[in-house]
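The structure appears below as structure tokens.
The values are calculated or read from the model by the stated rules, or taken from the named source; none is laboratory data. These numbers come from a predicted model, not from an experiment. Cβ placement follows ideal geometry from the backbone for every residue including glycine, while neighbour counts extend to all protein chains displayed.
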Amino acid sequence: MKVKNLIIGAGVTGLSAAYHLQKLGKKDFAVLERAAEPGGVCASVTHKNFTFDYGGHVAHARRAYTRELLKKLLGKNAALIKRKAWVYLQNTFVPFPFQANLSYLKPEIVEECVTALVAARKHKKHIFENFADFALSSYGEGIYKYFMRPYNEKLWRAKAEDLSCVWCADFVPQTDMEDIVKGAYFKTRASYGYNTDFIYPKTGGIGALARALAAETENIFYNTEVKKIDAVKKMVFTNKGIFEYENLINTSPLKTFVSACGGLEKNIYEAAKELKNNKVYVLNLGVNRAVENISWVYFPEDKFKFYRAGVQSGFSPSVAPEGCGAPYVEISAAGNSKKPDFKKLEKEITAALKDAGILKNEDKILAALWLEINPAYVTYDARREIVVPQIIAALKEKNIYGVGRYGAWEYSFMEKNILDAKELAQKL
């Protein structure tokens, strides 16, 4: 088959590119998806009468266009949910964001954090060398010690000094000194950050969104795995045959895409080898009780193997049978690490969730399903800031466009993926 625009991946990003090309009347495209259904890591899995996601995937829609699109796609299946997020520290549930709710902690910790904050703000920088520099300068040694460093090092599987801070603007809630001090001595109800509320399907898990988008999109080829790409002849070789293209839109992981791509300069292959990422293991649980008042909880302390736990049935009760709950935990691991002993880890996690009060001792586990995301989060080290622009520019010269969390090799969220793909579709 020969098409003008060929899209690799029927996740939310690839589907958005196809949907918006089609909306513009440009139907000369095809979408290649190796799985049997759309969604990628935004798919949902049915297991023992529960519907499980690959972790806490929800749609944060800040733009009017995104909200209208999601409502159009999901119709009556769209629900707007208010975030109920916490940080669990020293046996205490602290409302998120941590730095704006210090009053929930012991007085001596509050004093330590406020004193360090005041000292840091006297010498606050505007240009930062790395994430540690950003966090210390913005929030002081106390907040950095109790949350910013341990949580982010657990999530990224990298030292705070080795992480850049270009990702912080969208993902670290910006709080001014007045709000932090106020939250240190008074319990406030202020909400901060990009994800104070979100859209989630009433039924079908987050996979319902991908299915709704795919239902509006033509020319999707499922069970079609890309084997190699010839960037000179503009051909993609798959298990279903050869696809020729004028423009190639890639939403698959940039590192593996480059290695499968022939016709690039040697330095681009070498650059791609420097790209790093973590992987995430998600344990989805089904329990015989509704778990309430939690969207998700951040766990910065080392005694917890997971960096975040959430309750998917808090997004939508329909993902669990009536009267049941669906908590999940997310565990970060180095990209090259071996798989853990899942049975042993499951016991440790269940005990930890009981210690934190998310589960009760009498709760019965009705279902347990491990899911893996690999790659999960892109590592924002110093080399990424140099090599990713080089790779993206070299591919663009060949009419290959990387977009989305994996294609652009970035820390991203669903709305950005949808809008970036829309913008690319318009350009092409």
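Points to keep in mind about this one:
- On the stretch given as the range 197-218, residues that are surrounded by fewer than 19 Cβ atoms within 10 Å (Cβ to Cβ) and among the β-branched types (Val, Ile, Thr) total 1.
- In this structure, Leu21 does not qualify as part of a helix (DSSP H, G or I) and surrounded by fewer than 24 Cβ atoms within 10 Å (Cβ to Cβ).
- Flag if Glu33 is in contact with a Lys or Arg (Cβ under 8 Å, 6 or more places away or on another chain), within 30 Å of Val3 (Cα to Cα) and not aromatic (Phe, Trp, Tyr): no
- Inclusion of Ser318 among residues that are in a helix (DSSP H, G or I), surrounded by 22 or more Cβ atoms within 10 Å (Cβ to Cβ) and polar (S, T, N, Q) is not warranted.
- A Cβ distance below 8 Å, combined with a sequence gap of six or more or placement on separate chains, defines the contacts here; from the range 12-36, residues that are within 19 Å of Ala208 (Cβ to Cβ) and at pLDDT 95 or above reach residues that are among the aromatic types (Phe, Trp, Tyr) and surrounded by fewer than 21 Cβ atoms within 10 Å (Cβ to Cβ) in the pairs Val31/Phe221; Glu33/Phe221; Glu33/Tyr222; Ala35/Tyr222; Ala36/Tyr222.
- Per the conditions (1) within 30 Å of Pro389 (Cβ to Cβ); (2) assigned to a loop (DSSP other than H, G, I, E, B), the sole criterion not satisfied by Thr175 is (1).
- Some residue of the range 91-102 being modelled with pLDDT of 95 or more, surrounded by 15 or more Cβ atoms within 10 Å (Cβ to Cβ), in a strand (DSSP E or B) and within 17 Å of the chain's Cα centre (by Cα): no
- Filter result for the condition that a residue is hydrophobic (A, V, I, L, M, F, W, C), under 30 Å from Lys71 (Cβ atoms) and not assigned by TED's automatic domain parsing to the domain that holds Pro300, over Phe96, Phe134, Phe128: Phe96
- When residues in the range 132-169 are screened for being of a type in the set (A, V, I, L, M, F, W, C), assigned to a helix (DSSP H, G or I) and crowded, with 18+ Cβ neighbours inside 10 Å, 11 of them pass.
- Exactly one residue among Thr217, Thr188, Thr224, Thr203 is assigned to a loop (DSSP other than H, G, I, E, B), touching a strand residue (DSSP E or B) at 6+ places or on another chain (Cβ under 6 Å) and β-branched (Val, Ile, Thr), and that residue is Thr224.
- Positions within the range 103-131 being part of a loop (DSSP other than H, G, I, E, B) and of a type outside the set (Asp, Glu), in sequence order: Leu105, Lys106, His123, Lys124, Lys125, His126, Ile127, Phe128, Asn130
- Residues that are within 26 Å of Leu369 (Cβ to Cβ) and assigned to a loop (DSSP other than H, G, I, E, B) within the range 48-90 comprise Lys48, Asn49, Tyr54, Gly55, Gly56, His57, Val58, His60, Arg83, Lys84, listed in sequence order.
- The single condition among (1) hydroxyl-bearing (Ser, Thr, Tyr); (2) buried (at least 18 other Cβ atoms within 10 Å of the Cβ); (3) in the same structural domain as Gly14 (by TED's automatic domain parsing) that Tyr307 does not satisfy is (3).
- The condition of being in the same structural domain as Ser412 (by TED's automatic domain parsing) and of a type in the set (Ser, Thr, Tyr) holds for only one of Tyr144, Tyr222, that being Tyr222.
- Among the residues making up the range 1-18, those that are outside any strand (DSSP E or B) and under 22 Å from the mean Cα position of the chain (by Cα) are Gly9, Ala10, Val12, Thr13, Gly14, Leu15, Ser16, Ala17, Ala18.
- Whichever residue in the range 104-131 is under 29 Å from the mean Cα position of the chain (by Cα) and more than 24 Å from Trp167 (Cβ to Cβ) and, among such residues, is surrounded by the most Cβ atoms within 10 Å (Cβ to Cβ): Leu105
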